[in-house]
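Participant: My questions all concern the structure below.
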Amino acid sequence: MEELVSLRGIIKHFPGVIANDNVSFTLRKGEIHALLGENGAGKTTLMNILYGLYRPDIGEIYVEGRKVEINSPKDAITLGIGMVHQNFKLIPSHTVLENIILGLKKSGLVIKSRKIGEEIKKLAESYGWRINPNAYVWQLTAGEKQQVELLKILYRDAKILILDEPTSVLTPQECRILLQALRRMAKEGKGIIFITHKLDEVFAISDRVTVMRKGRVLVTKETSETNMSELAQYMVGRPVIFTIEKKESRPSGEAITIKNLKAFNDKGVLALKDVNLKVMKNEIVGIIGVTGNGQQELVEVIAGLRKASGGSLIVDGVNIINSSPEKIIELGIAYIPPEPLRYGIAPNLTVLDNLFMKAYRYKPYSNGVIVNWKKIYNKAEELIREFQIVPENPYAKARSLSGGNLQRLILARELSGLIGEKIPRLIVAAYPTKGLDVGATEFVHKTLIEYSRKGSGILFVSEDIEEALMISDRVAVMHDGKIVRVFRPGEVDIDKIGLMMAGVEIAFK
Ligand SMILES: Nc1ncnc2c1ncn2[C@@H]1O[C@H](COP(=O)(O)OP(=O)(O)OP(=O)(O)O)[C@@H](O)[C@H]1O
Ligand SMILES: [Mg+2]
């Protein structure tokens with residue numbers, strides 16, 4: 001079969017780490033090649049090299065049999081290589097069309113934007129997508145933004161597509177649409193590299209699979225010749241148990257009571273119509289629902305990041321609604337935001353700064369006047385060990401961390417009860433396992449359970465029904481700005497849950 005890409009003996013060092021250690025990798029025409037590996041294994045680095053964002057220290061790149069030098073994304077695009085990054089790069093204040101045209105300008109050519117708009121619409125339709133070229137990017141859902149990223153690449157006639165964890169931002173429905181479109185692209189003869197942590201996707205879509213660990217390729221196999229537990233074992237170097245043990249919860253007092261909560265979304269639409277829910281201490285309440293049914297607005301209102309337009313949030317008998325984020329932190333409410341890179345991390349600051357950006361002002365790290373940096377440094381080292389953050393260097397810049405390690409950093413900051421060294425009374429965790437490898441996912445689950453059994457109340461938002469059922473003591477289904485039903489895992493079968501999420505009213509005992 002024809003080889004589109006061959007990477008040979010790629011070595012790439014960053015200060016203190018070998019991100020790629022003699023990696024060889026091939027992509028064939030018409031193939032979907034899954035690239036797997038734990039957080040920090042070197043997947044993104046390898047793809048950034050192919051896309052011209054980094055230069056390898058050593059190694060060769062062949063495209064369609066020809067040895068090439070790729071010094072910039074421009075070179076890559078000329079060679080027919082396109083990449084959708086782990087975090088989107090579109091400009092929100094521009095339209096879809098403007099984003100796609102950007103960088104397209106050939107000298108001497110006037111861009112005929114109307115014509116391009118038509119072509120983009122057609123291209124989108126050929127993959128089953130409906131995109132309005134004149135919509136602003138900020139108005140789009142994550143799934144639509146990703147379609148625009150892909151259209152941008154496809155419009156430039158790419159035949160080699162790199163997708164870095166494309167499904168971690170998608171709902172299950174959006175995910176199905178993407179996988180269908182990718183299969184079509186492969187049929188058309190494109191080669192697709194698909195980075196993911198989700199093993200079921202590997203089996204749903206890929207022809208071959210490569211596993212990386214600690215900068216090296218461990219194995220490349222035909223997908224039909226391997227299975228989940230073998231891949232998981234390759235990834236983390238030990239058997240992975242896909243189920244979890246948890247003791248019965250003993251709820252003790254209220255962590256928070258949400259009453260008749262109402263709030264608008266960014267588009268000015270009432271997103272929370274009337275939310276009522278109680279979370280007890282020592283209890284995990286899972287919220288499931290199709291994305292966009294108010295989950296995001298709910299967690300933001302609790303964290304003090306969005307104004308409520310009505311209702312109350314009761315903590316210890318006091319209504320704390322519309323308090324400042326600082327006040328809410330002081331009340332012991334921890335928030336794990338859904339998109340750490342957008343909301344949670346300052347990329348140019350160090351790991352230490354990011355860990356302590358909230359806590360440094362409080363005891364025991366400060367007496368209100370002087371900050372005790374020694375104490376902060378020691379605690380940072382401890383957290384890095386406990387949450388297994390790589391690199392193990394408090395002074396590493398956050399932007400040098402892999403996606404999964406950033407997520408660990410956020411967890412360390414939010415869960416460690418830095419403030420006053422108490423454990424949080426309430427942890428609001430929005431999609432905390434997104435983008436995490438199987439080992440880290442297991443770690444997050446265990447950590448949340450551990451905190452709940454030590455006394456925190458946990459509100460856990462997930463798109464993954466099975467994950468929510470596994471972790472939660474009670475599950476709440478959210479639809480159209482309301483909690484439509486609360487039940488215990490096992491009480492309702494999964495088909496019925498799916499229907500409730502879709503807004504179908506279900507009568508049951
Ligand atoms: N710009 C950089 N500067 C310094 N170190 C870096 C840089 N980019 C990546 N690294 C390091 O290289 C290693 C590989 O990172 P990479 O982002 O390729 O991992 P990954 O496999 O994509 O992980 P994830 O699944 O978490 O996204 C990590 O140890 C990371 O900290
Ligand atoms: Mg990555």
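The values are calculated or read from the model by the stated rules, or taken from the named source; none is laboratory data. Please read all numbers here as calculations on a predicted model, not as lab measurements. So basically every Cβ, Gly included, is an ideal-geometry build from the backbone, and we count neighbours across all protein chains shown.
Participant: List pairs: first in region 5-17 and assigned to a strand (DSSP E or B), second modelled with pLDDT of 95 or more and among the charged types (D, E, K, R), Cβ under 7 Å, 6+ apart or cross-chain?
Facilitator: Pairs found: ARG8/GLU60; GLY9/GLU60; ILE11/ASP21; ILE11/ASP57; LYS12/ASP57; HIS13/ASP57.
Participant: Working carefully through the options LEU179, LEU161, LEU218, LEU231, find the one that is closer than 30 Å to SER113 by Cβ and either away from ligand 2 (no atom under 16 Å from the Cβ) or assigned by TED's automatic domain parsing to the domain that holds LEU53 (or both). Write out each step before concluding.
Facilitator: On the way: LEU179 fails: closer than 30 Å to SER113 by Cβ; LEU218 fails: closer than 30 Å to SER113 by Cβ; LEU231 fails: closer than 30 Å to SER113 by Cβ.
After ruling out the rest, the residue left standing is LEU161.
Participant: If GLY189 satisfies every condition in (1) more than 23 Å from THR45 (Cα to Cα); (2) assigned to a helix (DSSP H, G or I); (3) not basic (Lys, Arg) but one, which is the exception?
Facilitator: (2)
Participant: Let me ask something else. Name every residue in region 424-448 that is modelled with pLDDT under 85, on the phi < 0 side of the Ramachandran plot and not in a helix (DSSP H, G or I), in order of residue number.
Facilitator: The answer is LYS434, LEU436, ASP437.
Participant: Okay, next question. Taking region 212-231 on its own, how many of its residues are surrounded by 18 or more Cβ atoms within 10 Å (Cβ to Cβ), touching a Phe, Trp or Tyr at 6+ places or on another chain (Cβ under 8 Å) and not in a strand (DSSP E or B)?
Facilitator: Matching residues across region 212-231 total 1.
Participant: Continuing with the same structure: For region 1-33, what are the residues that are buried (at least 20 other Cβ atoms within 10 Å of the Cβ) and among the aromatic types (Phe, Trp, Tyr)?
Facilitator: PHE25
Participant: Mind listing just one residue for me: the one in region 23-62 that is among the polar types (S, T, N, Q) and within 16 Å of ligand 2 (Cβ to nearest atom) and, of those, modelled with the lowest pLDDT?
Facilitator: ASN39
Participant: Any residue at all in region 451-460 that is part of a helix (DSSP H, G or I), away from ligand 1 (no atom under 16 Å from the Cβ) and of a type outside the set (D, E, K, R)? Full working, then the answer.
Facilitator: First, pick out the residues of region 451-460 that are part of a helix (DSSP H, G or I): 451-454.
From what is left, the residues that are away from ligand 1 (no atom under 16 Å from the Cβ) are 451-454.
Checking which are of a type outside the set (D, E, K, R) leaves us with 451-452.
Yes; the residues of region 451-460 include at least one that is part of a helix (DSSP H, G or I), away from ligand 1 (no atom under 16 Å from the Cβ) and of a type outside the set (D, E, K, R).
Participant: Here's a follow-up. Would you point out which residue out of GLU60, GLU98 is in a strand (DSSP E or B), among the acidic types (Asp, Glu) and away from ligand 1 (no atom under 16 Å from the Cβ)?
Facilitator: Numbers: GLU98 fails: in a strand (DSSP E or B).
Answer to the check: GLU60.
Participant: Out of the residues in region 252-261 meeting the condition of being in contact (Cβ under 8 Å) with a residue 60 or more places away in the chain and not aliphatic (A, V, I, L, M), tell me which one is surrounded by the most Cβ atoms within 10 Å (Cβ to Cβ).
Facilitator: Step by step, filter region 252-261, then rank; the result is GLU254.
Participant: Turning to a different aspect of this structure: With the checklist (1) touching a Pro at 6+ places or on another chain (Cβ under 9 Å); (2) in a loop (DSSP other than H, G, I, E, B) in hand, flag the one item LEU409 doesn't pass.
Facilitator: (2)
Participant: Taking the options GLY30, GLY103, GLY82, name whichever one is more than 13 Å from ligand 1 (Cβ to nearest atom) and farther than 21 Å from LYS190 by Cα.
Facilitator: Values: GLY30 fails: farther than 21 Å from LYS190 by Cα; GLY82 fails: farther than 21 Å from LYS190 by Cα.
Step by step, each of GLY30, GLY103, GLY82 is checked, and only GLY103 is more than 13 Å from ligand 1 (Cβ to nearest atom) and farther than 21 Å from LYS190 by Cα.
Participant: Which residues, taken from region 34-56, are assigned to a strand (DSSP E or B) and either within 8 Å of ligand 1 (Cβ to nearest atom) or surrounded by fewer than 23 Cβ atoms within 10 Å (Cβ to Cβ) (or both)? Before the answer, list the steps.
Facilitator: Going residue by residue through region 34-56, those that are assigned to a strand (DSSP E or B) are 34-37.
The one that is assigned to a strand (DSSP E or B) and either within 8 Å of ligand 1 (Cβ to nearest atom) or surrounded by fewer than 23 Cβ atoms within 10 Å (Cβ to Cβ) (or both): GLY37.
Participant: I'd like to know if region 378-395 contains one or more residues that are in contact with a Leu (Cβ under 9 Å, 6 or more places away or on another chain), closer than 24 Å to ILE284 by Cβ and away from ligand 2 (no atom under 16 Å from the Cβ).
Facilitator: Yes.
Participant: While we're looking at this one, here's another question. Search region 112-125 for residues being free of Cβ contacts under 8 Å to residues at least 24 places away in the same chain and farther than 13 Å from ASN99 by Cβ, and hand back the single one that is surrounded by the most Cβ atoms within 10 Å (Cβ to Cβ).
Facilitator: So, considering only residues that are free of Cβ contacts under 8 Å to residues at least 24 places away in the same chain and farther than 13 Å from ASN99 by Cβ, the one surrounded by the most Cβ atoms within 10 Å (Cβ to Cβ) is LYS121.
Participant: Going through region 139-173 one residue at a time, which ones are within 16 Å of ligand 1 (Cβ to nearest atom) and in a helix (DSSP H, G or I)?
Facilitator: So the first thing to find is which residues in region 139-173 are within 16 Å of ligand 1 (Cβ to nearest atom), and the list is 162-169.
Once the filter is applied, which keeps residues that are within 16 Å of ligand 1 (Cβ to nearest atom) and in a helix (DSSP H, G or I), region 139-173 yields PRO166, THR167, SER168, VAL169.
Participant: Next question, about the same structure. Identify, from the list ARG130, ARG176, the residue that is more than 16 Å from ligand 1 (Cβ to nearest atom) and in a loop (DSSP other than H, G, I, E, B). Please lay out each step first, then the result.
Facilitator: Numbers: ARG176 fails: in a loop (DSSP other than H, G, I, E, B).
When all the criteria are applied, what remains is ARG130.
Participant: In region 398-441, which residue that is within 16 Å of ligand 2 (Cβ to nearest atom) and of a type in the set (Lys, Arg) is nearest to PHE356 (Cα to Cα)? Please lay out each step first, then the result.
Facilitator: Step one: filter region 398-441 for residues within 16 Å of ligand 2 (Cβ to nearest atom), giving 398-410, 433-441.
Those still in the list that are of a type in the set (Lys, Arg) too: 399, 408, 434.
Details: ARG399: 16, ARG408: 14, LYS434: 23 Å.
Among residues in region 398-441 that are within 16 Å of ligand 2 (Cβ to nearest atom) and of a type in the set (Lys, Arg), the one nearest to PHE356 (Cα to Cα) is ARG408.
Participant: Of all residues in region 126-174, which are crowded, with 20+ Cβ neighbours inside 10 Å and at positive phi?
Facilitator: GLU165
Participant: Of the conditions (1) over 26 Å from the mean Cα position of the chain (by Cα); (2) at positive phi; (3) crowded, with 17+ Cβ neighbours inside 10 Å, GLY294 clears all except one; give me its number.
Facilitator: (1)
Participant: Could you list, in sequence order, the residues of region 1-22 that are of a type in the set (A, V, I, L, M), more than 14 Å from ligand 2 (Cβ to nearest atom) and farther than 11 Å from ILE162 by Cβ?
Facilitator: Restricting attention to region 1-22, the residues satisfying the condition of being of a type in the set (A, V, I, L, M) are 1, 4-5, 7, 10-11, 17-19.
Subsequent filtering for residues that are more than 14 Å from ligand 2 (Cβ to nearest atom) retains 1, 4-5, 7, 10-11, 18.
Passing the criteria: MET1, LEU4, LEU7, ILE10, ILE11, ILE18.
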